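Inspection log for the structure reproduced underneath, given as structure tokens.
The values are calculated or read from the model by the stated rules, or taken from the named source; none is laboratory data. Just so it is clear, the structure is predicted and the values come from calculations on it, not from any experiment. Positions of Cβ are generated from backbone atoms using ideal geometry, with glycine treated the same way; all protein chains shown enter the neighbour counts. We work out accessible area using only protein heavy atoms, side chains counted, and drop any ligands, DNA or RNA first. Shrake-Rupley method; radii C 1.70, N 1.55, O 1.52, S 1.80 Å.
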Amino acid sequence: MRTFAIGGRIIQQLIRDKRTLALMLLAPLLILTLVYFLFQTNADNIATVGGASIPESLVNRLEEADIKVVEYVNSKDIKERIIEDELDAFLVWDGSKLFVTYDATATTTVGAIKAKLRGIQQQGFMIEVKEVLGKTAEGGALQPGDIPTPFEVDETYVHGSEDTTYFDTISPFLIGFFVFFFVFLISGISLLRERTTGTLNRLLATPIKRYEIVLGYLLGYGIFAILQTLLVVTYSKYVLDIQIAGSIWYVFLTNCLIAFVALSLGLLLSTFADSELQMVQFIPVVVVPQIFFAGLLPVDALKEWLQAIAKVMPLYYGGDALKAVMIRGQGMEAIQLDLLILAGIAIVLCVVNVTALKKYRKI
């Protein structure tokens, strides 16, 4: 009977705690719905390639395989075109040889392009063989130049090499996410403890201004957030040997801004939580969606309303900046807009934090 009494008490507590009950029951439905729409998005093409001087027959065969071909007048600035036009590969035909430049980060589509090109290569070879056999069957003389050979394919890579793995392409997003997640969790729970133990109330009972409290917490926790960021990035680079094509200092800077956004968000949400359980329950609603929009999925291929959601997620900009530096080797010019947006989000959250503390100031 005592077991039933304990169980009944727990049930009553959960029923009284409407927020916890709602998060427990509705958060999984929210995440499941989001994942459903994310993975229901079907792109019309499995890959997009650029091309210069490509035979029409080759273009038609590629498009039959759902590979979109964007034709260019010349083959200048291939690397820049791959970045700016988000191409998976660039093809150049010189009359007898096909030069292919792959984006090594497009690991899921490069294989499909390679397989199709091999198929076209063999198909063209078989057609030539049939033509030669038909000629000899009609009694024609076979000349040395009539012996068919498959056209040659020369393959090169940008943003990596043939050995680039899928993990190499998602490592920037994982680094940013882990920095965001742990800073958010630790800062939120720490401030919650400050409040539940009465420390925050005692501070608010003094003449100290609310913005000074927020800045003080940001300074205190921010130092450890920066140390954590330095540790994560250094470990990823020098122990795990994760590819960083650009400056490691830009990686540090981007992750520090991600950490400060997470810190500000954690402090803000902790003011709306009454217990550590409620703080943890914010994770599926606030943190988990970030990983889907940080770059693990191609945002441009999503539905328009999902793209709109992605662009309010801090990790959307953090992931974009980290990808530009770590994979493409780009510099400040390519990431400055992302960094400014991250800084702007952190400032807005700080202002909201100051306002949110009003509810705890009794005098």
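Structural remarks
- Residue tally, condition under 23 Å from the mean Cα position of the chain (by Cα) and surrounded by fewer than 17 Cβ atoms within 10 Å (Cβ to Cβ), over the range 84-111: 5
- Considering residues of the range 266-276 that are assigned to a helix (DSSP H, G or I) and more than 25 Å from the chain's Cα centre (by Cα) only, the residue farthest from residue 325 (Cα to Cα): 276
- Among residues of the range 247-268 that are touching a residue at least 60 places away in the same chain (Cβ under 8 Å) and of a type in the set (Phe, Trp, Tyr), those with a beta-carbon under 7 Å from a residue that is in a helix (DSSP H, G or I) and open to solvent by 20 Å² or more (accessible area, probe 1.4 Å) at least six positions away or on a different chain give the pairs 250/332.
Results for (1) more than 20 Å from residue 314 (Cβ to Cβ); (2) at pLDDT below 80, shown as yes or no for each residue.
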{"position": "159", "(1), (2)": "yes, yes"}
{"position": "172", "(1), (2)": "no, no"}
{"position": "204", "(1), (2)": "yes, yes"}
{"position": "208", "(1), (2)": "yes, yes"}
{"position": "214", "(1), (2)": "no, yes"}
{"position": "227", "(1), (2)": "yes, no"}
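- Count of residues meeting criterion [open to solvent by less than 90 Å² (accessible area, probe 1.4 Å) and in contact (Cβ under 8 Å) with a residue 12 or more places away in the chain] in the range 59-77: 11
- Residue 291 vs. criteria β-branched (Val, Ile, Thr), in a helix (DSSP H, G or I) and either in contact with a Cys (Cβ under 6 Å, 6 or more places away or on another chain) or modelled with pLDDT of 85 or more (or both): no
- Residues (buried (at least 16 other Cβ atoms within 10 Å of the Cβ) and either at pLDDT below 80 or over 30 Å from residue 194 (Cα atoms) (or both)) located in the range 236-269: 236, 237, 242, 243, 244, 246, 250, 251
- Among the residues of the range 183-221, those identified as touching a residue at least 60 places away in the same chain (Cβ under 8 Å), in contact with a helix residue (DSSP H, G or I) (Cβ under 8 Å, 6 or more places away or on another chain), farther than 16 Å from residue 273 by Cα and open to solvent by 30 Å² or more (accessible area, probe 1.4 Å) are 210, 211, 215.
- Here the condition is being modelled with pLDDT of 85 or more, out of contact with any strand residue (DSSP E or B) (no Cβ under 7 Å at 6 or more places or on another chain) and small (Gly, Ala, Ser); of 321, 308, it holds for 321 alone.
- Residues located in the range 222-239, provided they are without any contact (Cβ under 8 Å) to a residue 40 or more places away in the chain and under 22 Å from residue 172 (Cβ atoms): 226, 227, 230, 231, 234, 235, 237, 238, 239
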